[in-house]
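Heads up, the thing below is written out as structure tokens.
The values are calculated or read from the model by the stated rules, or taken from the named source; none is laboratory data. What you see is a predicted model; the values in this text were computed from it and never measured. All Cβ positions, glycine included, derive from the backbone under ideal geometry; neighbour counts span all protein chains shown. In case anyone asks, the SASA skips ligands and DNA or RNA and just uses the protein heavy atoms, side chains included. Shrake-Rupley method; radii C 1.70, N 1.55, O 1.52, S 1.80 Å.
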Amino acid sequence: MAGTQLIYAGRAAGTHVNRHGGGSNHLCLPDTPQYTLSYTPGSQSYSEIHGAEYEHPTAGTHDHNVPCAVCYASTRVAVFMLPARTSCPTGWTREYYGYLMSAHQGGDHYRTTFECVDKDQESIPGTQANTNGALFYNTEANCNGLPCPPYNNYKELNCAVCTK
């Protein structure tokens, strides 16, 4: 898109699906990390970060790892994610739209941030390994506290990323 520049591309990552500690947000890790601490072989039992994969998506990418990108929009000063919509308010530019995703609500799963995943749900080729690291599940509306209609019980929600 005009006025938008790719800063770096990478892969989505986060805390393992059933770990109590670690971060609650997802990160876009660059493909070429840099290190300053010396390497000690073996697990130190510190905070770990795992690659993210799709779980039960609608685009046929189940268990595939999730690519990501960090961009700079030089002609825009504000950005926000609009849940439950595919269009942006008047005066705002839609950068993309897709599906609202986060962690599963049950079992040993723990909360993560909600992410707006592009409708095309691209995946990293050759990564369908089902490692169950950080997981992206579709987010559904629930009529317990939401007005239905206009929301539909258990229907997957869309989202849009808007800039100005």
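If you take the residues in the stretch 30-57 that are open to solvent by less than 90 Å² (accessible area, probe 1.4 Å) and aliphatic (A, V, I, L, M), which one is modelled with the lowest pLDDT?
49
Against the definition (in contact with a Ser or Thr (Cβ under 7 Å, 6 or more places away or on another chain) and modelled with pLDDT of 85 or more), how does residue 160 come out, yes or no?
Criteria met by residue 160.
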